[in-house]
Amino acid sequence: MTEQVDTETPDFVMIETYKSKEAAQKHPQEPHFKHLFGAFEKEGLFAKAPYLAHTATKAGFDLDRSLL
């Protein structure tokens, strides 16, 4: 997890890799994920609602998917 540091209201970013779009959509419904985000909400860490962003790697280490 990373935190944006150049603003008064930082964004927290979790970077995860999934084998399919279906797996990415299922993960937020898992009990451990709900527990984590419930704790974040209880502590007031969300300045805005969490969302799932689908991205594509264009360069760097992530292009070697054989390591996953």
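The values are calculated or read from the model by the stated rules, or taken from the named source; none is laboratory data. Note that the structure is predicted; figures quoted are calculated from it, not measured. Using ideal geometry, Cβ is built from the backbone for each residue, glycine included, and neighbour counts are taken over all protein chains shown. When the accessible area is computed, the model is the full protein with side chains, heavy atoms only, and any ligands, DNA or RNA have been set aside. Shrake-Rupley method; radii C 1.70, N 1.55, O 1.52, S 1.80 Å.
Just a few scattered comments:
- Taking segment 37-52 as the range and being open to solvent by less than 60 Å² (accessible area, probe 1.4 Å) and either under 14 Å from the mean Cα position of the chain (by Cα) or acidic (Asp, Glu) (or both) as the test, the residues that pass are Phe37, Phe40.
- Figure legend. Inter-residue proximity from segment 13-36: first residues modelled with pLDDT under 90, second residues of a type in the set (S, T, N, Q), beta-carbon distance below 8 Å, spacing 6+ or different chains. Indicated pairs: Val13/Thr2; Val13/Gln4; Ile15/Thr2.
- For segment 56-68, the count of residues that are β-branched (Val, Ile, Thr), surrounded by 10 or more Cβ atoms within 10 Å (Cβ to Cβ) and modelled with pLDDT under 75 is at least one.
- Subset of segment 10-56 [in contact with a strand residue (DSSP E or B) (Cβ under 6 Å, 6 or more places away or on another chain) and either among the aliphatic types (A, V, I, L, M) or in a helix (DSSP H, G or I) (or both)]: Val13
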